Amino acid sequence: MSSQDSGPARVGGNRRLGVLISGRGSNLQAIIDAIAQQRLDAEIAVVVSNRPDAPGLDRARRAGIETVGLRHTDYPSREAFDAAMVGELRRRDVGLVCLAGFMRLLGESFVAAFPNAILNIHPSLLPAFVGLHAQRQAWEHGVKVSGATVHIVTAELDDGPIVRQAVVPVLPSDTADSLAARILVEEHRIYPEAIRVILDDGWTIDGRRFIERS
Ligand code: GRF
């Protein structure tokens, strides 16, 4: 994890966000709302989706935010797709990339282009239940608590220093869907908070531990 060695924040005062989505965009909406309600001092410079028909793009357009659809199947390789995304983000001077239900793995060159400046939200208490359908994985496993995690992105799936977590109890009456719905409420709360923490620059990384300076 050499790219995660301790050191200063890399966002460097740039509060321009690039949000990457693949689907409904409810976490994108939570970020839009937090900015509108002045709970988060930031600006969404662009929303990029690998699915040009993603419903979440409409949320961005309704909020007057520029959108870009880049169909990953139009590119010969992951590297080429990643390079196109980096180009779109750089062109708009994005300082922090926020993955919000973005369903493509990012390659090392993308991660290296935004060192310590890519966040992801995952619907479990990492490191438990990485990958797809984390809420269902947790429910089927029979854990008594699950939750949500915001972490800095590395080239490993659902890895990287943890910025925020929220715990959600699993109730005897839960289905995988009802658990997912309660986790989503917490996602919407902690993602804007984690973005604020990152942008405020009062943190460092030691090994894989994210440490906020008090
Ligand atoms: C969320 O559960 C998020 O944690 C996961 O993908 C889902 C995206 O939902 N990475 P939405 O598109 O933000 O509504």
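The values are calculated or read from the model by the stated rules, or taken from the named source; none is laboratory data. Since this is a predicted model, take the numbers as computed values, not measurements. Virtual Cβ from ideal backbone geometry, glycine too; neighbours counted across all protein chains shown. Areas reflect the complete protein model, heavy atoms only, side chains present, ligands, DNA and RNA absent. Shrake-Rupley method; radii C 1.70, N 1.55, O 1.52, S 1.80 Å.
Things to note:
- Of the residues making up segment 15-31, those that are more than 8 Å from the ligand (Cβ to nearest atom) and under 18 Å from Arg71 (Cβ atoms) are Gly18, Val19, Leu20.
- For segment 194-203, the count of residues that are closer than 16 Å to Phe102 by Cβ and open to solvent by less than 10 Å² (accessible area, probe 1.4 Å) is nonzero.
- The numbered conditions (1) open to solvent by 30 Å² or more (accessible area, probe 1.4 Å); (2) more than 15 Å from the ligand (Cβ to nearest atom); (3) of a type in the set (D, E, K, R); (4) not in a helix (DSSP H, G or I) are all true for Arg164 except (2).
- Given (1) in a loop (DSSP other than H, G, I, E, B); (2) buried (at least 16 other Cβ atoms within 10 Å of the Cβ); (3) at pLDDT 95 or above, index of the condition Ala60 fails: (1)
Every residue, every condition in (1) in contact with a Ser or Thr (Cβ under 7 Å, 6 or more places away or on another chain); (2) in a helix (DSSP H, G or I); (3) more than 11 Å from the ligand (Cβ to nearest atom), yes or no:
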{"site": "Leu125", "(1), (2), (3)": "yes, no, yes"}
{"site": "Ala128", "(1), (2), (3)": "no, no, yes"}
{"site": "Leu132", "(1), (2), (3)": "no, no, no"}
{"site": "Ala138", "(1), (2), (3)": "yes, yes, yes"}
{"site": "Val143", "(1), (2), (3)": "no, no, yes"}
{"site": "Ser146", "(1), (2), (3)": "yes, no, yes"}
{"site": "Asp159", "(1), (2), (3)": "no, no, yes"}
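- Test: residue in segment 97-105 that is of a type outside the set (A, V, I, L, M, F, W, C) and either surrounded by fewer than 16 Cβ atoms within 10 Å (Cβ to Cβ) or part of a helix (DSSP H, G or I) (or both): no
- Considering the conditions (1) open to solvent by 20 Å² or more (accessible area, probe 1.4 Å); (2) under 20 Å from Ala42 (Cα atoms), Gly131 is excluded by exactly one of them, (2).
- Checking each residue in segment 59-92 for being in contact (Cβ under 8 Å) with a residue 40 or more places away in the chain and over 18 Å from the mean Cα position of the chain (by Cα) picks out only Arg92.
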